[in-house]
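Below: one structure, written as structure tokens.
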Amino acid sequence: MLSTLQTPRSLSRFPLHFPSKSFLLHTSTKSLSSEPVTFASLTDQSIPTTTTLPPQSQILTIRHSLISRQVTATELVQSYLNRLRITEPQLKSFLHVSDTVLREAHELDKKINNNEEVGPLAGVLVGVKDNICTADMPSTGGSRILEGYRPAFDATAVRKIKELGGIVVGKTNLDEFGMGSTTESSAFQVTANPWDVSRVPGGSSGGSAAAVSARQCVVSLGSDTGGSVRQPASFCGVVGLKPTYGRVSRFGLMAYASSLDVIGCFGSSVADAGILLHAISGHDRLDATTSKQDVPDFASQLVSTNSSESKPLKGLRVGLIRETVDNGVDTGVISTIRAAASHLEELGCFVTEVTLPSFSLGLPAYYIIASSESSSNLSRYDGVRYGNQAVTDDLNSLYGDSRANGFGSEVKMRVLMGTYALSAGYYDAYYKRAQQVRTIIRDSFKAALDQNDILISPASPSPAYKIGEKKNDPLAMYAGDIMTVNVNLAGLPALVIPCGFVEGGPAGLPVGLQMISAAYDEGKLLKVGHIFEQTLENYKFVPPLIADDIITSK
């Protein structure tokens, strides 16, 4: 199925010694790889530290290692838990870590020892954003109003991961109910960026991005309403994938803005993001907005870059959105994105600048629509239907106090803005007009994608900034979403891959390149992104926090 992918590289430098056995299990999927996998120990000095190798699929590495008996699931899981325990005090990526991870690993080892079938995600540790419901651990949405809440069910995406053998390692931190761009509005803690712990990881899925960046888990789930997967992916130097609206079920995702919300994927390689997307995609009778379109095997479409073809993307039409490399964007970001565009040209792409006249209209339209929908969706958290209940003498005070004590300031502000925009006398001026702008944006993207195969832009106008820098300036924080919100308004898929660095922090700050395609064309994004990352030289996107712990080797 994935024979075109390059040999997986090692995933850990923990000094574990694994038996070398060639016995393969009968599995429920086709063979994922026939190449040997090497695990380097902490004392291995045979690999030069200056070598920079392209990122490879950690999912495939793990699967091959398990089925060839090079490593046990218990040893693998323990190595990740060790790293999580060491890095978590500085990062605070997780709100809850599962206490059943090792038990699940033991059960997997038993299946392997008994030659039973194991799923394609067997042994893969998955972080889940805490606004995605999990039946066996808390799901708070990053809010005090849901502190201690344990759902009675798994979200469809989580259920599918478990059915395929994935192990949910824990629930990751987020901006409260997904409202924010820094993860600072979490009611419980502030997550730090693994590249510089004095900086934000982005948001709202900052915990999920930081966890993958620091290799605390293999892959993770986030949610993207206006860029909440793609901007943290850029800030943390990982791959972030926002699927087409309707590709992945939203059942079990705490609703923020229902016409914009999607569940997305984080990985350390494009292949891993594609494998995870394939696992969670598909029609769901519990979500009427999911598409019945067939879900392609994304990973099987990823071509090898070992071939002699010097221009593997020859003829691909790429449009660089002019408005995204203009005034107001960090000069280092612009230089890095233009260098990425040049790299695409070297791969055979025909790159031109395109203009989207409606681009600047997206930000105000997005915040009106998202705030309006949140004001409706969050009305359920009243202390009666959902949420922790305040102790009062009358019903009105119960509603008011439960929400006043349970919601943070950012959520309250957006609910107030949304309620105002929907109120009598203002509906036509704000919400109706924003929806009209949304149609214009959708049409402008369609026109641009009729002339181009993909569009590219930065994922954010700046690299990660300091914790607290924009906390008291919400308009400045909102402006940072300018690169991403239009994609949500149009319902299109987008992929963010790390493409370079700008100055800052102990080892530079990563910059992400955003690729956008037509609806349900995630396969094209993954193919282009895979070739891009495999041919990008002299960059290693491993944060300094764990650089001494990771060796990249074939």
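The values are calculated or read from the model by the stated rules, or taken from the named source; none is laboratory data. Because the structure is a prediction, the values reported are computed rather than measured. FYI the Cβ positions are ideal-geometry reconstructions off the backbone, even for glycines, and counts take in every protein chain you see. When the accessible area is computed, the model is the full protein with side chains, heavy atoms only, and any ligands, DNA or RNA have been set aside. Shrake-Rupley method; radii C 1.70, N 1.55, O 1.52, S 1.80 Å.
If you check 419, 484, 439, which single one turns out to be within 30 Å of residue 314 (Cα to Cα), at pLDDT 95 or above and β-branched (Val, Ile, Thr)? Don't jump to the end; show me each part of the working.
Details: 419 fails: within 30 Å of residue 314 (Cα to Cα); 439 fails: within 30 Å of residue 314 (Cα to Cα).
Checking each option against the conditions leaves just 484.
I'd like to know if the stretch 511-521 contains one or more residues that are more than 24 Å from the chain's Cα centre (by Cα), in a loop (DSSP other than H, G, I, E, B) and in contact (Cβ under 8 Å) with a residue 12 or more places away in the chain.
Just the residues of the stretch 511-521 that are more than 24 Å from the chain's Cα centre (by Cα), to begin with: none.
No, the stretch 511-521 contains no residue that is more than 24 Å from the chain's Cα centre (by Cα), in a loop (DSSP other than H, G, I, E, B) and in contact (Cβ under 8 Å) with a residue 12 or more places away in the chain.
With the structure loaded, tell me whether residue 381 is open to solvent by less than 20 Å² (accessible area, probe 1.4 Å) and closer than 20 Å to residue 485 by Cβ or whether it fails that test. Steps first, please.
Values: open to solvent by less than 20 Å² (accessible area, probe 1.4 Å): yes; closer than 20 Å to residue 485 by Cβ: no.
So residue 381 fails the test.
Since residue 457 meets every condition but one in (1) open to solvent by less than 20 Å² (accessible area, probe 1.4 Å); (2) among the hydroxyl-bearing types (Ser, Thr, Tyr); (3) farther than 30 Å from residue 198 by Cβ, which condition does it not meet?
The number of the failed condition is (3).
So, of the residues in the stretch 493-508 that are surrounded by fewer than 24 Cβ atoms within 10 Å (Cβ to Cβ) and hydrophobic (A, V, I, L, M, F, W, C), which turns out to be nearest to residue 329 (Cα to Cα)?
502
Could you list, in sequence order, all residues of the stretch 384-410 that are of a type in the set (A, V, I, L, M) and surrounded by 15 or more Cβ atoms within 10 Å (Cβ to Cβ)? Reasoning before the result, please.
Our first condition is that a residue be of a type in the set (A, V, I, L, M); within the stretch 384-410, this holds for 384, 390-391, 395, 398, 404.
Matches in the stretch 384-410: 390, 398.
Looking only at residues in the stretch 123-149 that are buried (at least 24 other Cβ atoms within 10 Å of the Cβ) and hydrophobic (A, V, I, L, M, F, W, C), which one is nearest to the chain's Cα centre (by Cα)? Spell out how you get there, then give the answer.
Step one: list which residues in the stretch 123-149 are buried (at least 24 other Cβ atoms within 10 Å of the Cβ), which gives 123-133, 139-143, 145-146.
Still in the running and hydrophobic (A, V, I, L, M, F, W, C): 124-126, 128, 132-133, 145-146.
Numbers: 124: 16, 125: 15, 126: 12, 128: 10, 132: 13, 133: 17, 145: 25, 146: 23 Å.
Checked the stretch 123-149; the qualifying residue nearest to the chain's Cα centre (by Cα) is 128.
Do we have any residue at all in the stretch 309-326 that's under 27 Å from residue 123 (Cβ atoms), assigned to a loop (DSSP other than H, G, I, E, B) and in contact with a helix residue (DSSP H, G or I) (Cβ under 7 Å, 6 or more places away or on another chain)? Don't jump to the end; show me each part of the working.
Our first condition is that a residue be under 27 Å from residue 123 (Cβ atoms); within the stretch 309-326, this holds for none.
So far as the stretch 309-326 goes, no, none of its residues is under 27 Å from residue 123 (Cβ atoms), assigned to a loop (DSSP other than H, G, I, E, B) and in contact with a helix residue (DSSP H, G or I) (Cβ under 7 Å, 6 or more places away or on another chain).
Which of the following residues is surrounded by fewer than 18 Cβ atoms within 10 Å (Cβ to Cβ) and of a type in the set (Gly, Ala, Ser): 152, 105?
Values: 105 fails: surrounded by fewer than 18 Cβ atoms within 10 Å (Cβ to Cβ).
None of the others qualify; the one that does is 152.
Every residue in the stretch 335-363 that is exposed (fewer than 15 other Cβ atoms within 10 Å of the Cβ) and either over 15 Å from residue 499 (Cα atoms) or polar (S, T, N, Q) (or both), please.
335, 342, 352, 353, 355, 357, 360
From the list 228, 258, 234, pick out the single residue that is under 19 Å from residue 175 (Cβ atoms) and surrounded by fewer than 24 Cβ atoms within 10 Å (Cβ to Cβ). Let's see the steps before the verdict.
Details: 228 fails: surrounded by fewer than 24 Cβ atoms within 10 Å (Cβ to Cβ); 234 fails: surrounded by fewer than 24 Cβ atoms within 10 Å (Cβ to Cβ).
Residue meeting the stated conditions: 258.
What about residue 97, is it touching a residue at least 24 places away in the same chain (Cβ under 8 Å) and more than 25 Å from residue 198 (Cβ to Cβ)? Steps first, please.
Values: touching a residue at least 24 places away in the same chain (Cβ under 8 Å): yes; more than 25 Å from residue 198 (Cβ to Cβ): no.
Criteria not met by residue 97.
Specify the residue that is nearest to residue 75 (Cα to Cα); the eligible residues are those in the stretch 100-129 that are in a helix (DSSP H, G or I) and touching a residue at least 60 places away in the same chain (Cβ under 8 Å). Lay out the reasoning, then the answer.
Initial filter on the stretch 100-129 (in a helix (DSSP H, G or I)): 101-113.
With the extra rule that they be touching a residue at least 60 places away in the same chain (Cβ under 8 Å), the set shrinks to 101, 104-105, 112.
Numbers: 101: 12, 104: 12, 105: 9, 112: 14 Å.
Only one residue fits best here, namely 105.
I'd like the residue in the stretch 528-552 that is within 18 Å of the chain's Cα centre (by Cα) and open to solvent by 10 Å² or more (accessible area, probe 1.4 Å) and, out of all such residues, is farthest from residue 217 (Cα to Cα).
Here the answer is 533.
Quickly run through the stretch 413-429 and pick out the residues that are under 31 Å from the mean Cα position of the chain (by Cα) and open to solvent by 80 Å² or more (accessible area, probe 1.4 Å).
Of everything in the stretch 413-429, just one residue is under 31 Å from the mean Cα position of the chain (by Cα) and open to solvent by 80 Å² or more (accessible area, probe 1.4 Å), namely 416.
Would you say residue 475 is buried (at least 24 other Cβ atoms within 10 Å of the Cβ), assigned to a helix (DSSP H, G or I) and aliphatic (A, V, I, L, M)?
On the way: buried (at least 24 other Cβ atoms within 10 Å of the Cβ): no; assigned to a helix (DSSP H, G or I): yes; aliphatic (A, V, I, L, M): yes.
Criteria not met by residue 475.
Residue check, residue 74 against (1) free of Cβ contacts under 8 Å to residues at least 40 places away in the same chain; (2) out of contact with any helix residue (DSSP H, G or I) (no Cβ under 7 Å at 6 or more places or on another chain), all met but one. Which one?
The single condition residue 74 does not satisfy is (2).
In the stretch 364-468, which helices (runs of 4 or more DSSP H) lie fully inside it and hold 2 or more residues that are under 30 Å from residue 352 (Cα atoms)?
Numbers: elements: 395-406, 409-422, 433-451.
Result: 433-451.
If I go through the stretch 442-477 residue by residue, how many of them are in contact with a helix residue (DSSP H, G or I) (Cβ under 7 Å, 6 or more places away or on another chain) and either modelled with pLDDT under 95 or hydrophobic (A, V, I, L, M, F, W, C) (or both)?
The number of residues fulfilling the criteria is 7.
Taking only pairs six or more apart or across chains, which ones have beta-carbon atoms under 6 Å, a first residue in the stretch 310-324 that is within 14 Å of residue 528 (Cα to Cα) and open to solvent by 10 Å² or more (accessible area, probe 1.4 Å), and a second residue that is of a type in the set (Phe, Trp, Tyr) and modelled with pLDDT of 95 or more?
The qualifying pairs are 317/350.
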